[in-house]
Each structure stands twice: as structure tokens, then as C-alpha cells.
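Undergrad: Structure incoming, see below.
The values are calculated or read from the model by the stated rules, or taken from the named source; none is laboratory data. All values derive from a computational prediction rather than experimental measurement. Here the Cβ positions follow ideal geometry from the backbone for every residue, glycine too, while neighbour counts run over all protein chains shown.
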Amino acid sequence: MSGYLALSLALFSIGALGVVLRRNLLVMLISIEVMLNAAILALVVFSRMYGSVDGRVMGILAIAVAAGEVAVGLALVIAFVRLRGRPDATAMDLLKW
Amino acid sequence: MLAPTFLTGPAPLELALAPLVLVITACVVLAAALFRRGSEEERLVTLLVALGGCAMAFLALLQLLDRPGEAFAGEIQADNFGVYTGLLATVATGLVLLGVLGHTRRYGAGWGEALSLMLLSLAGILLVCMAGGLLALFLGIEILSVAAYGLTALTRRRGRSVEGALRYLILGAMASAFLLMGIAFAYGATGTTSIAALAPAQKLAHLDLTALELLALGFLLVGLGFKIGAVPFHTWVPDAYEGAPTPITGFMASAVKVAAFAAILRLVYTPLGTAHLAGLQNVLGVLAALTMVLGNLVALVQTNFKRMLAYSSIAHTGYMLLGVISPAGGPGAVLFYLAAYVPAVIGAFMVLVIIGRDTEDLEELGDLRGLAREHPALGLAMVVFMLSFIGVPVTGGFTAKLAVFSAAVDNGYVLLAVLGIVMSVVSVAYYLNVVRLMYIPAAQRSWYRGPARIGERAILATAVVVLLVLGLVPGEVLEGALDAARPLELLALK
């Protein structure tokens, strides 16, 4: 059980590092998905540990939420690329301080 | 009267009625937008439908006042805390909708989508306010956030709008991941997803549950810290506030903030939270201090009015955090603070919307130069809003700050309360700068010169009256807020 939890925490950290370190907007979105999936994995592990379905139900709904979030995210990236030409976070320079 | 539900509490559908009405109205508005021909009348009608949806949600919530109940396996619960925060958010959204009444042409592109997104976001907010389980809480926060990302990017050909929305989305989605991780570990530590029953579980032989509890609280704190906009998780606030069209900024600063504070109060005051209350208080106390100091100091040097108000809203988050960490009287004080903050912030953004009618959104501080000479009533209303932000007596802001700071003192946070008062004095500089600019002779002005529309007058008058009432005769509202939050406090003082 703790092995799976360690995996979940590791995935979460990898995702968080990806968001912080990478500058490509698509990679950042994928990293966020990795973080969400780490949380879903933890939910399923605990669900199994307690033998209750609550965690699994929440996991399934969280998958739907993640899909909605990434859909809006991709739409915004497309709008951004139309304006700026590349999906690069360093091109975000209109808003300062 | 004869219905048995009157005795046993509200029926399940009654509890979920307000969010359901909003979702249905949003679908109707969106469907109407699909077949639009883009005429003025059509946009007016969809706006009235949206306002009607808000009004129905308001009435549905009003029915639940003083009638506690829960349904859907405890995921939705109606206690007075949830109903009050829900009513506040609904009124705030209604005011914002009323404010765009005269602006159907200006926000013409994506009109129907904007209205339906706002209604959906409000449905999410109500779900958060009335959440009795972690699942409802998470779904509510996600619904309101995803809709808010879309709203921020509404003017999608403006670079700043898209950029603000992207930054909001990336940080917001990351915060959601933290939140979900926290929820997963809270479930792991307690074996339940009900907020009221979220108590440390029996020890399991093969896992150290204290570690799980601490991990859960840590993840939850980071996630909620982002959502309320506390330093150091505040960076999205100014970007989103500046990027969004001005009425949307008013919506985010009022209704969305109410939901964020409802969520953090609900999660801090669970058995799990109160078991580690001292640790939570230490961490949140440091965050409160940082938030008050940084918010106020950075607001001093802003030249963009919306960005200045964004940092001011961060500062107010800091003051409210003082209430969050004060179990005796604090949660009620936060509720009252929100009630006094919402009208002022909506009013301030609405003044910007009104004067910018003929042009693009006006948002520089310099745009306000000479405003009070051209529009004395608008100027006077803005003065009231600024005084309330500062916390000058007679306005609601004073009573609110008094309630929060005295709650902090009662709970032994004298130093933090003093810091809050000092930072309020610092904030006088940038709030009164707005007043000064409005009353000096104007060199050039490009704002709207005609009289304000009826809806706009209604909002500003409502906001000013509410602020004065909360400042002069706060008694009943303050009592109501304290009563509504008492169940939370009892949990911590037990």
C-alpha cells in the first residue's frame, strides 16, 4: 500500500516540477494532468485500503473534471498561439507586477 | 404547511434547487446564444433570463434559511452558514449582471456564453457554500474555477485577457491538483468523505495516520491558499483581475472570493482541522501577515486601477485570514467582512464600467482624473467605497475590520491585529490617492458623459446604502453572521 502512495507522491512531485520548470504551455498542461492523476491514484489506493467505494467514485468524477480543465486549457493555448505565434510561457509579457 | 417535509427538514431536491435552477438557466441562455442573430433586443432578453435565474436561486436559498438539512449522502447540507454565503454570492452575481444591462453592445461578442458561464460559476459557488462532503466541495470549486477561466478570456482577441486567463488557469489547475491530493489524503486519514465526520480514524497497523493527516492538511492549505489568493500563492490574482473584462473582475472579486473563504472556513473547522488547530493557526498566521504586508505595499506603487484593486483584494484576504485563525468569533467576523467587502468592490469596478461605456475598458488611475467634477454622484459613491476599504467609521468596512481585529485580539493574536491596523493606515495612501485624483481639475478625459443608466444607478445606490447600514446599524447582520458561524466555532472550542 505504501508503495503505491510513494508512487503517487513521486508522480505528483514530477508534475509539479514540470509546471514550474518547463516553459512550453502544452508541457505545462500535461504536467498538471500528471499531478491530477497522482491524486486520483491516491484516491483509488485509499478506497481499496478502506474497502469503500467513496474514493473510486471521487476518482472517476475527478477524471471528468480534469478533462474539462484541459479542454479549457487547450482552447486558451490556441487563442494564445493565434496572438503570439508560439505556445511559450516566456512570450507572456503583457502583464507585469 | 401540511407537508411533512416542513417538520423533518427540506426535501433533497429543495436543497439542490438553487444550483439546479442556475444550471438550467445557463443551458437555456447558451442554447439561445446558438441561434442568435446578434440583435440588441435579443441580448437584452437573454440578460433578463439570466437575472431571472439569479432571482429564482435567491428565493430557493431563502427558503432554506433556519431550516437545516442534508441530502445526497450528506454531500449537500443547508446550514445557515452555507445559506448566508450562498445568498451573498447570488446577490453579488445579480448586481454584476444588472451592471452590464446598459452594455449589451460593448460586450456583444460572446454575450450569451458570458452570461451562461457566470451562471454556471455561481452554481459552483453555491455548491461550495453548501458542501457537506469533500466531493461536493471539490466539484463546486472546479465548476466555479473552470467557468472563471473562460470568463477571464472573454475578450479573446485582447492579448492581456488571454494571457491573464492562461496564468489563472495554469496556477488554478495546479491548485486544484493540490486540493484533490489533500482531499485524497484526508480521505486516507479518516476513511470518510463527509466534512462533518472528517475525524482522525482508528489507528491502522501498517500505516502511520498522523503522517497522512499532516500531508492532507499541507496539500489542502496550499490548494486553498491559491484559491483565496494568499501570499505566496497570490500571483494569479493581479493578472486575472487585470486581464478580465471589468464586470467579470467585479464578479471574481466578490462572488468567487466568498466561495473561497466558505471553503477554507469549512475545511479548517473540521474535526481533522481542529485536531491540528495550533499548527494550522501558526501557518495561516504567518500567511496572513505576509499577505497583509505584501498586498498593501505593492498596491501603493500600482498605476493601473484594476491591478491596484487586485492587490488591495489580496490585502483584504490577509485581514480575513486573521478571522479564519481565531476560533472564538473569527468565522462569524469573516462572514460579516465578506458582506461589507462585496458591495464596495462591485461598486468600485462598476464605476469603471460606467465611465468606459463609449470606449475600451478604462482602467488606468489617470483615467479617474477629474471624475468627481464631471460626475459628482459617481465620485461620491467611489469615495464611500474607498473609505469602506480603508475602514473609516460610519462605513461597513470599519465594523468589519473592528469585528475581525477584535476577534484576533480575543484569541491572543495581538501582534497580528496591530500589524493589520498599521497596514490599514498604509492603505490610506493609495485609497485616498484615488479620491484626490477624482477631485483635481481634469486635463483630458475620454469617459462617458451622459447620465448613468437605471441599472447602474440601482447598483451604486444599493452598494452605498448597504455599506452605510453595515456601518451605522450593523447589529442584526453581525449577530446573524456570528450565529451562522457558531457551529464551526463550537467544533474548535470543544
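Undergrad: With the condition being farther than 22 Å from B:S313 by Cα and in contact with a Leu (Cβ under 8 Å, 6 or more places away or on another chain), I'd like the helices (runs of 4 or more DSSP H) fully within region B:338-457 carrying at least 2 qualifying residues.
TA: B:371-374
Undergrad: Tell me the residue from B:R156, B:R160, B:R167 that is modelled with pLDDT under 95 and outside any helix (DSSP H, G or I), please.
TA: Checking each option against the conditions leaves just B:R156.
Undergrad: Go over the candidates B:G188, B:G225, B:G250, B:G229 one by one and state the one that is crowded, with 24+ Cβ neighbours inside 10 Å, in contact (Cβ under 8 Å) with a residue 24 or more places away in the chain, at positive phi and not polar (S, T, N, Q).
TA: Checking each option against the conditions leaves just B:G229.
Undergrad: Kindly establish whether B:L126 is out of contact with any Gly (no Cβ under 6 Å at 6 or more places or on another chain), crowded, with 21+ Cβ neighbours inside 10 Å, more than 18 Å from B:V49 (Cβ to Cβ) and at pLDDT 95 or above.
TA: No.
Undergrad: So, B:V83, is that one touching a residue at least 24 places away in the same chain (Cβ under 8 Å) and under 30 Å from B:Y187 (Cβ atoms) or not?
TA: yes
Undergrad: Do any residues in region B:130-152 that are under 15 Å from B:A255 (Cα atoms) have Cβ atoms under 6 Å from those of residues that are in a loop (DSSP other than H, G, I, E, B) and among the hydrophobic types (A, V, I, L, M, F, W, C), where the two are at least six apart or on different chains, and which pairs are they?
TA: B:T152/B:A244
Undergrad: While we're looking at this one, here's another question. Please find, within region B:49-87, the residue that is surrounded by the most Cβ atoms within 10 Å (Cβ to Cβ) out of those that are modelled with pLDDT under 90 and small (G, A, S).
TA: So, considering only residues that are modelled with pLDDT under 90 and small (G, A, S), the one surrounded by the most Cβ atoms within 10 Å (Cβ to Cβ) is B:A78.
Undergrad: What helices (runs of 4 or more DSSP H), lying completely within region A:1-91, carry at least 1 residues that are facing another protein chain (nearest Cβ under 9 Å), buried (at least 18 other Cβ atoms within 10 Å of the Cβ) and basic (K, R)?
TA: Ranges flagged: none.
Undergrad: Another one. Where in region B:188-306 are there helices (runs of 4 or more DSSP H), lying wholly inside it, with at least 1 residues that are farther than 26 Å from B:L169 by Cα and either modelled with pLDDT of 95 or more or under 23 Å from the mean Cα position of the chain (by Cα) (or both)?
TA: B:271-275, B:277-300
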